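> Take a look at this one; I'll ask things after.
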Amino acid sequence: MSSKQLYAGVIVDVKAEAVDRIFTYRIPPHLNVEVGHRVLVPFGPRRLEGYVINLTENPSISPDKIRDIARVLDSEPVILPSLMELALWMRGAYHGLLSEALQYMLPPGVRFGRERVGVKVKQVVRLLSPNPELSPRATAQRRMVEMLRTSGPMEAAELVKGAGGSYQALQALEKKRRGGHLPRTGGAPGRVG
C-alpha cells in the first residue's frame, strides 16, 4: 500500500433506494481494506455493515467531511472481483438495489447482515444414579435409563432414537434431575439420576 491516504467506496447494507449509492470512507492506517471486504461504517448516528466497492487516493468530496471505517468484518474479502462485476451488472439489468445484489454474492454463512453459521453442539448424557425413581407410566424414560446403564454416556440424539422415545421424554427426565435426574451439557457428558 502506498504512503498516500486511501479511501473506500462503500455500499451500505440498507434496503432503500435513497441510500443505494457509493459512500466514501477514510481507511485508517491500522486497517487493511480491499475491494470485496465487508466493513462496519458510521452512518448517521448508527453503525452499519457495508461492502467495499472501490479504493481511491482522490475522493470526490472534501477529506474533512469523510468519516473513518470503524472496522473490517472479515480477514479476507468475501466478494470476489468477478462477483462484484456480476452484482453491478444485476443492478443495471434488473433495476434492483446494489446492496441486495451484493448479498447474493456473499458466502452462505455471512448473508443478510449477520453471521448465520453457528457452532453445532452435541449434547451428551450420562447416568448419575443406577436406579432413578420413575413413574410406572414413564416407559420411554425407563428405556433411556436402561440404555444409559448398558452403554454408558451417549449423545442425546442417539439416546432418543435408540430408546424410541422423544425429546419431551428426555426433557421430562432432565426436569426430574433438577429436582432429581438428568443434566445435559454441550460437549461434555451430562449426568442422569
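Derivation of every value follows stated rules applied to the coordinates shown; laboratory data play no part. Note that the coordinates shown come from a computational prediction; the quantities given were computed from them, not determined experimentally. Cβ coordinates were reconstructed from backbone atoms using ideal geometry, including for glycine residues, and neighbour counts include every protein chain displayed.
> With the crude spin-label approximation of a point 7 Å out along Cα→Cβ, what separation in nm comes out for L40 versus I66?
Here the modelled spin labels are 2.2 nm apart.
> Shifting gears a bit: For K161, which lysines qualify as cross-link partners when the Cα separation must be under 21 Å and same-chain residues fewer than eight apart are set aside?
By straight Cα distance, K161 reaches K120, K122, K175, K176.
> Follow-up. More than 26 angstrom separation, counting every C-alpha pair in segment 1-139; what % is that? Let's see the in-between values first.
Values: 3468 of 9591 pairs.
More than 26 Å apart: 36 percent of the Cα pairs in segment 1-139.
> By count of other Cβ within 10 Å, fewest leading, how are L80, L98 ordered? Before the final figure, lay out the partial values.
Numbers: L80 12, L98 18.
Starting with the residue having the fewest Cβ neighbours, the order is L80, L98.
> To make sure I understand the rule: partners must be lysines, Cα under 26 Å from the Cα of K4, and not fewer than 8 residues away in the same chain. Which ones qualify?
Within reach: K65.
> Subtract the Cα-Cα distance of R143 and L73 from 0.36 nm times their separation in residues, and report this length gain in nm to one decimal. Working shown, then result.
On the way: separation 70, 0.36 × 70 = 25.20 nm, distance 4.83 nm.
My answer for the length gained is 20.4 nm.
> Taking 0.36 nm per residue of separation and subtracting the Cα-Cα distance, what length does fully extending Y104 through K15 add?
Separation in residues times 0.36 nm, less the Cα-Cα distance, equals 30.7 nm.
> Related question: In terms of the Cα gyration tensor, with a ≥ b ≥ c the square roots of its eigenvalues, is segment 51-95 rounded because a/c is under 1.5, prolate because a/b exceeds b/c, or oblate?
oblate
> I've got another one for you. Order of 5-17, 151-163 by packing, highest average Cβ count within 10 Å first?
On the way: 5-17: 17.5, 151-163: 16.0.
Highest mean packing first, the order is 5-17, 151-163.
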